[in-house]
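> Got a structure here, written out as structure tokens. Questions coming.
Just so it is clear, none of the values below were taken in a lab; they were calculated from the coordinates. Bear in mind that the values here come from a model prediction, so they are computed numbers and not experimental data. Note that each Cβ is placed from the backbone with ideal geometry, even for glycine, and that neighbours are counted across all protein chains shown.
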Amino acid sequence: MAFALSEKTWKLGFTTGHGQKPRERSFAARHQARVLQEVAQAKKRFGLPENAPGVSCYDAGREGFWLHRFGQAPGITNSVGDASSIEVNRRKRRAKSDGLDVRQLWRMLRRYAYGEREVWRVVPVPSGEAEDGRPLHRGLATLKQERASTTARIKGLRSSQGIRLTSLSKFPEPLEALRLWDGSELPSGLRQR
């Protein structure tokens, strides 16, 4: 089983191996009961027993690792693939759709399941506690990037009006004292920005 995940819809592709026409289903994103229902229906369609083990994959992205943990509960072995390691033909333009993505993923999963380990890079799934600790440094890095872009924007706005500002450490307190290149007060729109 392969997942093609997007913000609003998910597409699942099922197959039992070579020569088997895949079963593809789309439904609303993050609908956990529907995932389990589709897995049960796929097992029935392919003539597998209800307790047959499953193998699934999806590419790492904004969904994180909760889907991996969810899939392990009903006995599905899951692999989270590094999205940047998924094979694409770089010589020609590539069509992009969830259907094409899910077919590409289950082809790669099938190769991976049959022992071809170089087909993609599998992302190591952290424990829940380790994942909970990760956002702290990422949040700080994001704030630093936002601070840098905001500072650059303020410097750009003041430079466009001929204003020299030596430090932004006490900003916005000196805003009232700032004057344009000709000594006039800052326009209200510039002050708000």
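> Can you compute the FRET efficiency between residue 164 and residue 138 using 1/(1 + (r/R0)^6), with r the Cβ-Cβ distance and R0 = 41 Å? Round to the nearest 0.05.
The value I calculate is 0.70.
> Hey, rough spin-label estimate for residue 154 and residue 77, points 7 angstrom out along Cα→Cβ, what's it come to in nanometres?
5.5
> Mind checking which lysines have their Cα closer than 24 Å to the Cα of residue 144? Skip sequence neighbours fewer than 8 apart in that chain.
Those lysines meeting the cut-off are 155, 170.
> Still on this model: To make sure I understand the rule: partners must be lysines, Cα under 20 Å from the Cα of residue 43, and not fewer than 8 residues away in the same chain. Which ones qualify?
Residue 43 reaches 11, 21.
> Under 18 Å between alpha carbons, and skipping anything fewer than 8 positions from residue 44 in its own chain: which aspartates and glutamates qualify?
24
> Same structure again: Do any trypsin sites (Lys or Arg not before Pro) in the stretch 26-79 lie in a loop, going by DSSP, with at most 13 other beta-carbon atoms within 10 Å of their beta carbon, and if so which?
62
> Are there any GluC sites (Glu not before Pro) in the stretch 28-87 that are in a DSSP loop and have at most 16 other Cβ atoms within 10 Å? List them by number.
Those satisfying the criteria are 50, 87.
> Summing -39500 (n - 2.57) over the DSSP H runs of n ≥ 4 in the chain and dividing by its residue number, what mean residue ellipticity at 222 nm do you reach, to the nearest 500 deg cm²/dmol?
Rounded to the nearest 500, the figure is -12500 deg cm²/dmol.
> Another one. With Cα Rg over 2.2 N^0.38 Å in mind, check [x] 1.50; [y] 1.58; [z] 1.11 and report the label derived from this structure.
Computed from these coordinates, Cα Rg over 2.2 N^0.38 Å corresponds to label [y].
> Another question, then. Be a star and scan the stretch 1-17 for residues whose amide nitrogen sits under 13 Å from the point 7 Å along the Cα-to-Cβ vector of residue 114.
Answer for this model: 16-17.
> Could you pull out the chymotrypsin sites (Phe, Trp or Tyr not before Pro) across the stretch 27-126 that fall in loop regions by DSSP (anything but H, G, I, E, B) with no more than 15 other Cβ atoms inside 10 Å?
Passing both the DSSP loop test and the Cβ count: 46, 114.
> Okay, moving on. Determine the gain in length on full extension of the stretch residue 33-residue 130; use 0.36 nm per residue of separation and subtract their C-alpha separation, reporting nm with one decimal. If you can, show how the numbers build up before the last one.
On the way: separation 97, 0.36 × 97 = 34.92 nm, distance 2.70 nm.
Working it through step by step, the gained length comes to 32.2 nm.
> Additional query: Through the Karplus equation 6.51 cos²θ - 1.76 cosθ + 1.60, θ set to phi - 60°, convert the phi angles of the stretch 112-129 into ³J(HN,Hα) values in whole Hz; use x for Gly and Pro.
For the stretch 112-129, the Karplus curve yields 5, 5, 7, x, 7, 6, 8, 5, 6, 9, 8, 7, x, 8, x, 5, x, 5 Hz.
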